[in-house]
1. Looking at C:Val257, is it in a helix (DSSP H, G or I), modelled with pLDDT under 90 and within 23 Å of C:Met58 (Cα to Cα)?
2. How about segment C:179-229: which of its residues are under 18 Å from C:Met289 (Cα atoms), touching a Leu at 6+ places or on another chain (Cβ under 8 Å) and without any contact (Cβ under 8 Å) to a residue 24 or more places away in the chain?
3. Within segment A:296-313, is even one residue surrounded by fewer than 23 Cβ atoms within 10 Å (Cβ to Cβ) and farther than 28 Å from A:Val173 by Cα?
4. Going through segment B:87-100 one residue at a time, which ones are surrounded by fewer than 21 Cβ atoms within 10 Å (Cβ to Cβ) and within 21 Å of the chain's Cα centre (by Cα)?
5. Considering each residue of segment C:153-188, count those that are in contact with a Phe, Trp or Tyr (Cβ under 9 Å, 6 or more places away or on another chain), assigned to a helix (DSSP H, G or I) and of a type in the set (S, T, N, Q), and give that number.
6. What are the residue pairs meeting all of these: first residue in segment B:103-124, first residue more than 14 Å from chain A (Cβ to nearest Cβ), second residue crowded, with 17+ Cβ neighbours inside 10 Å, Cβ atoms under 6 Å, and 6 or more apart or on different chains?
7. Go through segment B:153-175 and report how many residues are within 14 Å of chain A (Cβ to nearest Cβ) and of a type in the set (Val, Ile, Thr).
8. What residue, of C:Leu220, C:Leu158, C:Leu192, C:Leu182, is surrounded by 12 or more Cβ atoms within 10 Å (Cβ to Cβ), among the hydrophobic types (A, V, I, L, M, F, W, C) and under 30 Å from C:Ala39 (Cβ atoms)?
Amino acid sequence: MNSTAQSAAASTQSAADLKRWAGWVVGVGIWLLPLLWINLTTYLVLTVAGVTMGMLLFLTASGFTIILGLMDVINLAHGAFFAWGAYTGFTVLGALNKLGWVETGTLGQSLVSVLICLLLALAVGWVLGVLLEWLVIRRTYGSHLKQILITMGAALVMAEVIAILWGPNDEVVLTPAAFTGSLDLWDVVIEKFRLLAILVGGAVFLAMHYVLQRTKLGIIVRGGVENREMVQALGHNIRRIFTYVFAAGAALAAMGGTMWSIYTREIRPDMGESNLIFALIVVVIGGMGSVTGCFLASLMVGLAFNYVAYSVPTLALGVNIMIMAVILLLRPSGLMGRS
Amino acid sequence: MPEFILSLHQVHTFLGQHHILQGVSLQVPEGQALVLLGRNGAGKSTTLRTVMGLTPARSGHIVFNGGDISRARPFEIARAGIGFVPEDQAVLYTLTVEENFRLAMLEEDQASHDRQEAVFALFPDLKKFWKSKAGVLSGGQKQMLAIGRTMVNDHRLLLIDEPSKGLAPILVDQLAESLNQIKSRTTIVLVEQNFRMASRVGGDYYILDDGVVAHQGRMEELARDHQLKQKYLGIA
Amino acid sequence: MADQHPPQTPVQAQRAQEAAGRYTRAGLWLQVILLVLLALEPWLVSSFRVMDVAAKVMIFAVLVASYDLLLGYTGIFSLAHAMFFGLGAYSLALIIHHAGAPLWYHLPLAALLATGLAVLVSLVVAFFSLRLKALFFVVMTLALAQFADILSIQWHSLTRGEDGVSFKLPGLLDVGWSGGKLWGLTVNGRLLTYYIVLAAAALLFVGLVRFVRSPAGRVLKSIRDNEQRATALGYKTFNYQILANVFGAVVASLCGVLYALWVRFVGPESVMSTAIMLNILLMLIIGGMGTLYGSIVGAAFILVAESWLADGLRAVKVFLPDLMVLQRLADRWILYFGVLFVLVVIFFPKGLVGSAREIAARRRARVRE
C-alpha cells in the first residue's frame, strides 16, 4: 500500500517536473521561431537589438512595477519622467558638444559625457518624482480611478511643459563619438551604443536586485508590497519610503529616457506616451511588484518587438498585445505576480 | 496608586460609518498581562489597532509612558516602545524568518542581538527555520515568529491579538508558558477568546461589550464568577 | 380586493415618482429649450464658426455620454473609447474614399459597417473586461487604442496615413449644393448636414438616457456599486457588462460617423489619437461622472473654450512677440486643460452637474426638514 502511494506521489512529482520542463522548453524555444523566416546573422543582430530595447524598457518598467506593488499607485505619468530624462540628456550633450566632448573627442570624454547625462537625468527624475508625489499622488492613495485620471492629466502637463521649454518639434540627439559606429563579430553587426545600453541596463538590474534582496530598505520595500500596515506597525515610516521609492522610480525612468534618446537619436515632447505603453505591457506580463518578472518581461517584449518589426513593422505592437493577452489568459497575475 | 504604562480615556473610533469604540477607558498597570475579553465584534481588536494608530481614534486620549500618542502615526507609536502582534499574525510570507526579524529590529545594536538570542532560547524553532520563507512555517511557528520578532526591540508594551486562534491545545499551553515568561520583562495587553489561555496568563481583565467597557477586575475573581462569564462571554 | 394591490416596492415608488415628474421637472424644460435653441441656431447667429462648434458639441456630448455609460454607470474603465469613435469615422471616410464617388447608400452602409465593427471589437474588449483585474483592463485597452492609432497611421494604402482622408458627401449634402433661401438663410449642404447631426445626436442621447433608466440600466448601477451583491441577487453580471460595453461602443462609433459627416475629413490625429481620449475624459470629469447630462455641459465647456481660448492666447502672442517661451506658453493651450483636469479631479471630483445635483439634493433635504 505504502509503496503504491509513494510511487503515485513520485509520478505526480515527475509529471509536475515534466510540465515545468516543458514550460521552460516552450518558453525558450519560442524565441528561436523567427529563425524560420529570418537568416541567422540577421537574427543575431535583431536579438542584440531586442535585448537592448528590453534593457531600456526595464529601466522604465521596473520603477512602475515597484510603485504599483508597494504603493498600489498606478502612475500613468511615469512615461513623462522618461521624456524629461531624454530632454535632460539632449541638453547636456548639446552643451558638452560646445566643449568638443561629444561629436569629437576621446573615449574618456564620451564616457564622461554619457555619465553626466545619466547623473543629471537621475537628479531631474528624482526631483520631479518627489514633487509629483507631494503635490498630486498623495491625494489619490486608495483610489485607482483618481490615480489614473490625475496621472494622465499630470502626464499631459509634463509633456506640454517640455514643449514650452524646448519647443514642440522633433529634435536630433547627438551620440558621443566613441559610441557611434559598430563592431563586426563574424558578420554580426553590433552598434557600440547598444553594448553600452545592455551594460547599463544589466548593471541597474543587478543593483536593484542587490538593494531589494540584501539591504534593510529592500526588506522594508518587499515587506511593504506584501503588507503595508504591518510594516508600519513594526516602526517604519512607510510614507517617507513611498516618496523615496516613487522618486527612485522616476529617476530610473528618466535615466532610461536618456539612454533611449541617445540610442534612437531623436526626441519628441510626447515620446513618454508610447514608452509608457510598452512599460505597461511589460508590467502586466511580468506581474506587478516583481522585479525579476519585470526583467524577463522586458526582454520578451524587446525581442518580440524587434523580430516582428523586422518583417511587419505595423504589427510589432500588436504582437506584444497578443503576448500580453495570452499570458493574462494563462496566468491572470502575470509571470511572477502573486494572485 | 499603581503606575500605569498605558491608559485610554473615552476613546471613540469609527470604521467608515460604524461607531466601533464608543468611549473606551482603561488602564494598564506595568509588569503584568492585562486581558481584554468580550464577544466577537465587541471592539477588542479595534482597541489594539487604535492604540497602534492603525485605526486612529476620532476623539479621546491615549497616554503611553507619560506621553499622548492619540494623534501619532503607527511607526511613531512602534518606535515609542509598543510592539504589535496582530490577529492572524501578519508575518510577511514572502520574507524569510531572518528578514522578518531584520524588518522588526529597529536598532541594530548589540542589545538587540542579545534579545534576539533570548528569543531563540524561548522559541528554538525560529532558529531552525532561520533561512526559510515565513510562508512555509506552521501556524504555531508563525505565531512564535510574530511574537518573537517584536521582542528584539526594547519595547515596554506588547499588544497581542488572539495568539491562540487556530492552534492545537498543546501549543496553546506552550504559548501561555512563553507569555508568562515574557510578561516578567514586558507588559502585555492580550486579546483572547480562549478562556483557559486568558486565565493562565492574565492579571487584570477588562470585558468589552458593544464598544464600551462593561466590566473589569482580577482574572482570579472572574474565573470564579460564573454569572459574569455567562453574561458577557457566553461560557459557564 | 386589497390583496390585488400589494404595497409598492421602493423601486416601483421611485419609478412612479419619476413618471409623475416627467413633464414637470426643470430638467425637461432645459432640454426642450436647448433643443429649440440648437434647431434655430443657424437663424440666430449667422456665423459658420458658431454652427461648427454647436455641431461638434452635440457629437461630443453623445460620445462622452456613451463613455459615461461605461465609466460612470457601469464602472468599466476603458481607455479605448476613442478607438470606437475612430472606427466609425473611418468607416464613412474610407467607404466614400475607396468607392471613388459619393453615393447615397454609402451613408447607411457606413452606419452599418461602423455598428458591425464596434460590436465585433467591443465583444473582444468586453471579454477581457470580465476576465481581467480592472488595472490590467486599463492597460489592455490603452494598448489596443494605441495599436489602432498606429494602424491608422501606418496602413497607408487603406487610410492614407497621417495625411488623412478628405472626401465629399453625396447629392444634397455636398458643400457645393445650394437650394435657395429660406427666411433669409441660404439652404445648403452644410445646413442639411447640421440638421442630420442634430436629429441623430438627439436620438442617440435619448436612447442613452432611456437605456440608463431601463431595468438593465439599474442592474448596471447595482453591479457598479457592489458586483457581489448583484450576482447574489441572481443577475448574470456577465451579460449586463457585455451589453454595456457593446452599447457604449456602438454609440461611440456612430458618433464617429456623424463627426466624419460633419467635418468631411478624417485623420489619425483628429479621430484616433490619445488626445481624443483625453478630451473625452476631460469633458466627462468636468461635466460630472454618472450624470449623463454632465456630458453636454462638459463638451460645451471644453469645445467653446478650445475655440475661443486659442484666439485669446493668439492675441497674447501678438502683444508679446519677443519672448520665445511666452509665445509657446500661449501656443500650448492644452497645458491649461491638463492643469484644470488635475485640479478638478482633486478638488471637484463630482464635476459641474454632479456638484449642482448634490447642492440641489441638500437644499431639498433641508426644505423637507
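The values are calculated or read from the model by the stated rules, or taken from the named source; none is laboratory data. A quick note: this is a predicted structure, and the numbers were derived from the prediction, not measured. Here the Cβ is made from the backbone with ideal geometry for all residues, glycine too, and neighbour counts use every protein chain on show.
1. On the way: in a helix (DSSP H, G or I): yes; modelled with pLDDT under 90: no; within 23 Å of C:Met58 (Cα to Cα): yes.
No: the conditions fail for C:Val257.
2. Of everything in segment C:179-229, just one residue is under 18 Å from C:Met289 (Cα atoms), touching a Leu at 6+ places or on another chain (Cβ under 8 Å) and without any contact (Cβ under 8 Å) to a residue 24 or more places away in the chain, namely C:Ser222.
3. Yes, there is a match, as at least one residue in segment A:296-313 is surrounded by fewer than 23 Cβ atoms within 10 Å (Cβ to Cβ) and farther than 28 Å from A:Val173 by Cα.
4. Once the filter is applied, which keeps residues that are surrounded by fewer than 21 Cβ atoms within 10 Å (Cβ to Cβ) and within 21 Å of the chain's Cα centre (by Cα), segment B:87-100 yields B:Glu87, B:Asp88, B:Ala90, B:Tyr93.
5. Count: 1.
6. B:Arg115/B:Val152; B:Gln116/B:Val152; B:Val119/B:Gly148; B:Val119/B:Met151; B:Leu122/B:Ser178; B:Phe123/B:Met144; B:Phe123/B:Gly148
7. 1
8. Sole residue among the options that is surrounded by 12 or more Cβ atoms within 10 Å (Cβ to Cβ), among the hydrophobic types (A, V, I, L, M, F, W, C) and under 30 Å from C:Ala39 (Cβ atoms): C:Leu192.
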